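Worksheet: one structure, shown below.
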Amino acid sequence: MNRIIRVLIVDDSAYVRKVVREMLSYSPHLEVVGAARDGREALELVESLQPDVVTSDLMMPELDGIGFVREQMRRRALPIVMMSSQDENSAETLAALDAGAVDFVQKPTALATEKIFEVRSELIEKIKMAAEVRLDHLHLIPELRQIAESADVTSEPYKNRYDAIVIGVSTGGPQALRYLIPQLPANFPVPLAIVLHMPIGYTSMYAEKLNEISQIEVREAKQGDEMFAGRALLAPAGKHLSFKRRAEGKVTAHLSLQPLDTQHRPAVDVLFQSAAEIFGSRTLAVIMTGMGADGRLGAAWIKARNGTVFAESEETCVVYGMPGAIVEAGLSDKIIRLDRMGQALLEVA
């Protein structure tokens with residue numbers, strides 16, 4: 001990366017504004033161009049300073065983080081990375097993502113200690129990622145969701161081709177899954193397992209929210225949960241999700257800290273490799289929007305066992321990293337726009 005990324009910091013705490021500024025100074029690619037005390041001041045500074053990326057607190061006076069994201073996205077699409085404390089309601093963070101924020105970083109609880117610097121590398125990397133987001137796509141998913149509410153997604157006679165659908169997704173994933181999963185009917189014949197890169201403490205609430213708007217059951221995976229039609233298991237943040245086949249033939253979820261040498265936990269690669277080993281050619285993998293290449297090695301395992309891999313099209317990805325890595329490696333059987341992914345799953349299930 002050669003260009004300098006201009007960053008606006010938004011937080012009602014003068015201490016946090018100071019610390020975030022110091023954290024970002026460690027990267028030669030980032031320049032803090034201003035700081036705002038609340039969402040209302042942030043809206044004004046965005047207009048005058050024209051930052052490339054904004055970091056925003058959630059709980060602020062005058063106009064909070066969610067209100068700021070909604071209003072800023074209404075005015076002009078802009079990459080916003082939320083910073084939320086562990087003791088804040090995770091529902092608020094998810095609401096900010098739903099409003100258009102591209103990602104979030106979890107602040108340590110003890111802001112008055114050096115622990116806040118633990119998030120420095122993560123914050124810097126997520127700001128760099130946010131600067132690469134395609135701005136026209138930040139409005140895309142809410143627009144697609146409105147279309148989906150009135151669309152007639154119809155199922156063909158089910159083909160009994162697959163025993164499992166495994167999905168890997170990261171940046172932009174919360175919004176993409178909220179668009180895709182509610183399109184699956186209650187009688188969808190294939191169980192699903194999902195890895196979504198998300199910090200610890202948020203996947204349970206996210207699964208609950210997704211379950212509320214979906215016809216199939218969506219739940220955060222627990223050890224021993226059975227895989228069956230009409231259910232989607234979401235890997236809990238901090239643990240890998242894989243599968244075990246019992247003696248009687250049932251397949252259940254297995255949660256583990258191992259392997260420890262992955263960039264993410266849960267990792268898409270771990271889920272995909274396990275699916276290849278358990279379900280073989282009757283595996284359908286779907287890799288969607290996200291930064292990096294998690295899922296590429298797992299997709300190779302699936303293809304080696306004659307399974308199928310779908311990749312989300314660059315046209316609809318917020319970040320084309322993970323699907324792009326699959327496509328470049330020649331591992332994708334189909335490249336599908338997000339607004340056509342639901343119908344594609346129905347046609348092959």
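Worth a mention:
- Test result for A176, within 28 Å of Y320 (Cα to Cα), of a type outside the set (S, T, N, Q) and over 13 Å from the mean Cα position of the chain (by Cα): no
- Residues that are of a type in the set (A, V, I, L, M, F, W, C) and within 23 Å of G292 (Cβ to Cβ) within the stretch 197-206 comprise M198, I200, listed in sequence order.
- Hits in the stretch 177-205 (condition: of a type in the set (V, I, T) and closer than 20 Å to L94 by Cα): I181, I194, V195, I200, T203
- Qualifying residue in the stretch 157-167 (condition: modelled with pLDDT under 85 and either in the same structural domain as L210 (by TED's automatic domain parsing) or touching a helix residue (DSSP H, G or I) at 6+ places or on another chain (Cβ under 9 Å) (or both)): yes
- Residues located in the stretch 299-320, provided they are touching a Lys or Arg at 6+ places or on another chain (Cβ under 9 Å) and either surrounded by 22 or more Cβ atoms within 10 Å (Cβ to Cβ) or among the hydrophobic types (A, V, I, L, M, F, W, C) (or both): G307, V309, F310, A311, E312, T316, C317, V318, V319, Y320
- Residue in the stretch 249-259 that is closer than 23 Å to V348 by Cβ and among the polar types (S, T, N, Q) present: no
Yes/no per residue for (1) at pLDDT 95 or above; (2) small (G, A, S); (3) within 23 Å of D294 (Cα to Cα):
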{"position": "P174", "(1), (2), (3)": "no, no, yes"}
{"position": "P182", "(1), (2), (3)": "no, no, no"}
{"position": "P189", "(1), (2), (3)": "yes, no, no"}
{"position": "V195", "(1), (2), (3)": "yes, no, yes"}
{"position": "V218", "(1), (2), (3)": "yes, no, yes"}
{"position": "D225", "(1), (2), (3)": "yes, no, no"}
{"position": "A229", "(1), (2), (3)": "yes, yes, no"}
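- Here T283 qualifies as touching a helix residue (DSSP H, G or I) at 6+ places or on another chain (Cβ under 7 Å), more than 14 Å from V169 (Cβ to Cβ) and crowded, with 24+ Cβ neighbours inside 10 Å.
- Output for the stretch 7-48, where each listed residue is touching a residue at least 40 places away in the same chain (Cβ under 8 Å) and surrounded by fewer than 17 Cβ atoms within 10 Å (Cβ to Cβ): S13, Y15, Y26, H29
- Verdict on T252 being surrounded by fewer than 23 Cβ atoms within 10 Å (Cβ to Cβ) and closer than 13 Å to V195 by Cβ: no
The values are calculated or read from the model by the stated rules, or taken from the named source; none is laboratory data. Note that the structure is a prediction, hence the values are computed from the model and not measured. Don't worry about glycine lacking a Cβ; one is built from the backbone with ideal geometry, like all the others, and counts go over all protein chains shown.
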